[in-house]
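What follows is calculated from the coordinates using simple rules that are stated; it is not laboratory data. In this text, all values refer to a predicted model and were calculated from it rather than measured experimentally. Every residue, glycine among them, receives a Cβ derived from its backbone with ideal geometry; neighbour counts consider all protein chains shown.
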Amino acid sequence: MTPNLDRFLESADLKGLAIAASPAPASSLATALTGLPVWRHRAWDGAGAPITEDATLVAETLESAGYTTRLFRTSPWLEATSGLARGFTDVRTVHSTRSVVRALSTGSSATATSTFSLVDLGEPVAPFERSRASYEALQLLRGSEPQASALPERLTLRELQRDPEQETSSGAGPTNRARVAWVLYCGEVLQADRRFGAIVAALEDNDGVGDTSVVVMSTRGQILPPSVRSPAIGELARSVLEVPFGVRLAASRRASEGRFAEEAGGEETYVSIGSLAATILELADLERPPGLLPSVFEHGSDEERGALTERYSPEGQADYSWLAPDAQLLASEQLLVPRDRAPRRLRPDGRTSVGRQLEDALRLLEMAGGSELDVQGALALDGTALDRSTARGLVDQLEAAMLASGRRVVGRLSAE
């Protein structure tokens, strides 16, 4: 479904898998652009809170260093109210791929300064809509999906969640909503890949941007599983959290800096999506501020590889995943008392946002010396439970990762 991305990764100097910081795209994107975990930048999942003023975005750092910073945005979470557009001096809403290609082809020759461009292609999200690419996706799925005439023009998330197995009649025979959603989703993936291909081609064909390093990453992974038996939207499943990433170094940097050639080497690595911020700063020859996640060039050994994912709900439930190449640890904690059990004086009254309540709860936990996590499971790559010793090792990695970011937690296995 992604031939253009596949070709880019084949020629990348460094490639591998990045782990989404949250199943919520806005939260994960905030981590990518700051290098901070979700609980530090405060763009909470489901709480509608903008990024904290204390967080410095990579675009702000580059602008201060004299870079021209440009944002081509498609996603609603890059609007000014989110705070994620801070530091960009040139902000454009993407109406067509052609306009982005034209801007990238002419922009670098119009200025003598170095330029940082962030191109947001959006992501396939409900409502899923039928397009020409839907039929192409249908053909690629080799007939295991409904016939073309069975595809509806539009399928909303509410319809899918209400009854994903409901049969939908058509002239081509019955099929269920979940399978239709998978075809429409794949069609949107095809369209996004073509937009990406056109942008990369524009960079390759333009002499003015020949000295450009390109970093490709996504905010989250596949939100619908191949089986489409039930939508995994908002889950901490591996398929939702793992996304491909690739770095293609500028020709001058590849030739003149041996350490990049040695560290890249075309190998695959496993990092957090939060590594994007430090990677961009390193490519710009700028120092990484303390507290940021390391760049993709600073990956460790196999034993050290893994990444944290956080999900915060408006009800005050916090869920965590520590994802390694061959295992996953799931843990949770309750940060707020459920609304129906809270004393009336502590219930949300409309004036205190959920984000503010979560922030206050975390501050109280830190003042108390940290918090205790309920470890719900430790799974191998095939979904089977890990032995206790291996699970304890994952708990230790989770604790160390959160401590490195300034948060103290204790993860306890069920038998402890």
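Extension gain residue 2-residue 364, at 0.36 nm per residue separation less the Cα-Cα distance, in nm?
So the chain would gain 125.7 nm between residue 2 and residue 364.
Need one number: nm distance between label points at residue 106 and residue 194, each 7 Å from Cα along Cα→Cβ, rounded to one decimal.
Result: 2.5 nm between the two label points.
Among 19, 280, which comes first, then next, by fewest other beta-carbon atoms within 10 Å?
Going from least to most buried by this count: 280, 19.
Given a Förster radius of 35 Å and the C-beta distance between residue 252 and residue 136 as r, what FRET efficiency does 1/(1 + (r/R0)^6) yield to the nearest 0.05?
FRET efficiency, residue 252 to residue 136: 0.35.
Take 363, 73 and order them by how many other Cβ atoms sit within 10 Å, fewest up front.
Neighbour counts put them in this order, fewest first: 363, 73.
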